[in-house]
1. State which helices in the chain qualify, where a helix is a whole DSSP H run, it must extend 24 Å or more along its own axis by its Cα atoms, and its mean Kyte-Doolittle hydropathy must be at least -0.5.
2. Between Glu28 and Arg349, how many nm apart are label points set 7 Å from Cα along the C-beta direction?
3. Could you work out the relative contact order of segment 234-382? I mean the mean sequence separation of Cα pairs under 8 Å and 6+ apart, divided by the number of residues, in percent.
4. Can you list residues whose amide H is under 5 Å from Val328's amide H, if they're 5+ apart or on another chain and H is modeled 1.01 Å from N?
5. Enumerate by residue number the GluC sites (Glu not before Pro) in segment 13-69 meeting two conditions: DSSP loop (anything except H, G, I, E, B), and at most 16 other Cβ atoms within 10 Å of the site's Cβ.
6. Using DSSP to define loop residues, name the trypsin sites (Lys or Arg not before Pro) in segment 126-171 whose beta-carbon has at most 14 other beta-carbon atoms within 10 Å.
7. Dividing the convex hull volume of the Cα atoms of segment 359-455 by its residue count, what figure in Å³ per residue is obtained?
8. Work out the count of Lys pairs in the chain where the Cα-Cα distance is under 30 Å, with the pair 8 or more places apart or on different chains.
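Coordinate-derived values only; no laboratory data. Here the structure is a predicted model, which is why all the values come from computation and not from measurement. Virtual Cβ from ideal backbone geometry, glycine too; neighbours counted across all protein chains shown.
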Amino acid sequence: MREPATRHFWAPQFECATRERLADIQNEKLAAMLPYLYEHSAFYRAKLKAAKLTPRDLKSVADLPKFPIVTKDEMARDVAARPPWGTYTPIDDKIWRARGWMVFSTSGTTATPRSFRYTALDAELWATTSARALYAMGVRAGDTALTCTNYNPHVFFWSIHHAFNLMRVAVLPGGVATQRRLQMLDLYQPTILAATPSYSLHLANAMREAGGDPASSSVMKVICGGEPASGIASTRARIETTWNAQLHDVYGCTEAVPGGWAFTCREGVRRVARATHQHPVATHVQEDLQIWEVVDSETLEPVAPGGRGLTVVTNLNSEGSPQLRFMVGDFAEFDYGKCACGRTFARARGGFNGRADDMLNIRGLKLFPAVVEEIVRGFDALGNEFQIVLETDGVMDTFTIVAETSQPVDEFFARELSARLEAEVIRQCELRPRIELMPPGTLPRTEFKARRVIDRRRIL
Ligand SMILES: [Zn+2]
C-alpha cells in the first residue's frame, strides 16, 4: 500500500489482523514461496533433497521445523564455491538484467562477501513495508529527515530513504562530513535524525563542541538502525536526553529483507518514557511478511511460545531473497499479546540486543558487549565511547574496559570513578575488569557500526 489507510495505521488489515488471520497469511505465502525457491535456488533445492523433503512437505508454519536451519557458514561455503553470488537466492543473471535494482552484501573482510541481488519489485516492497514501521513511530508527511549515511550497501539506510520518499518526508542527504551535517541541522531544521546510535551521540557531541545544544535542536525523533539501541536502557536514555527527542529503532538483517523491519511503536516508547526508561522496550516484528521462530541455543529445537532463545527467520515477501529458516541468531523472547498501540504483531520483549555471534567467552564466562555498554552509559561521568580489550597475560585472559570520561577529570575523581565502574561490572558480569579512563575525544570515532571489541588474545 502506497498510502496510509487510517490516521494511526498504514496497513491495518495486516498490522491489526487476528493471530489466526496472520497464521493463514503466513501459510498461504509459504505455499507460494517454496516452489519458487525450489525451482530457482540450487542451495535450497539441495538442502530440501538432503532432508528428504519436497515443497509439498512444508504445508504450514507447523511443518517448518522439519527443515534444518540455514546458517551463515553454509551460505559462506556456497558463495566460496560459486562466487560472486552463490546459489542461496533465486536471482539468476537473466532476472538481474531484467529487473535488477541494488546489491547488498556482508562486509567480506575475511572471506568472499555474501551478496544479495534485489529487484525493482523488492524496492517497491521495501518502501511500503518500511513506511508502515515509520508510520507506527509517528512519522508523517511534512516531516524532514537528515540521513547520516555514506554511500554504502547498508539495508537500513536505503530502506529508510525509500520509505521517506514514499511518505513525502523530505530527505536531507547528510553527505559524509560531520561538519556538513551540523550545518544542515542548523540551516534546514529537520524533525528526524536517522543514524546509528553511536553516530547520533557522536554528532551531538560535535554540536556541543561547536557551541550548539542538541537538546534544543529541531530534531523530535532519532531513528536508529545498524546497532542495538532501544533494548539497552542506558543508551536509550542517553540518546533521548541528549537530543530531547523520542528514540525509535528498526531491526533486521541483510539476508532477510526487503521489508519486514522490526520496529518500535510510538505507544510502546511513550510507556517507557513514563517509566523513566526502566521498562524494557518491545519491538514489533511484521508477521505477515516474515515468520519469526525462537530456538534453543544448544539444541536448535523450537522453544515453547514466549520462551527465550535464538531468532530464526523465514522471509516470505521478497523476490530477491526469500530465505527459509535462516539463523539470525539474536537472543529474544516474544510477547504475542496485543500491544497498547493496537497492533497484533508479536513483540520482542526488551528488543534485540545480543547476537549470539557477538558473545565473548572470557575465562569461561559469557559476556555480551551490550551489557558493558549498558553499564558504561549508565555513568553520567563517562562519555559515549568505550572499548572492550581482550588480551592474554601468561595463560590468563585479561579484560580491560577503556572508557572516555565526559569531561576532563582530576586523578582523585578518576580513581573513584574507576572503582565504581569496576564494582558495577563485577556485580553484573561476575568478571573483574581492568579499567582505563581516557580524556574526552581520544578513542576513534566511527561513522558506521562502532568497533567496540578489540580481541588480541593468543589462541593457546
Ligand atoms: Zn505497539
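1. On the way: long enough: 19-40 (31 Å, -0.65); 120-136 (25 Å, 0.37); 411-429 (26 Å, -0.11).
Helices passing the filter in the chain: 120-136, 411-429.
2. Each label point is offset 7 Å from its Cα along the Cβ direction, giving 3.2 nm.
3. Here the relative contact order equals 21 percent.
4. Those lying under 5 Å, H to H, from Val328 are Val312, Val313.
5. Values: sites: Glu15, Glu20, Glu28, Glu39; in loops: none.
Counting only loop positions with at most 16 other Cβ atoms within 10 Å, none of the GluC sites (Glu not before Pro) in segment 13-69 qualifies.
6. Values: sites: Arg132, Arg140, Arg168; in loops: Arg140, Arg168.
Within segment 126-171, the qualifying trypsin sites (Lys or Arg not before Pro) (loop, at most 14 other Cβ atoms within 10 Å) are Arg140, Arg168.
7. Values: hull volume 9.7 nm³, N = 97.
Expressed per residue, the convex hull around the Cα atoms of segment 359-455 is 100 Å³.
8. So the count works out to 29.
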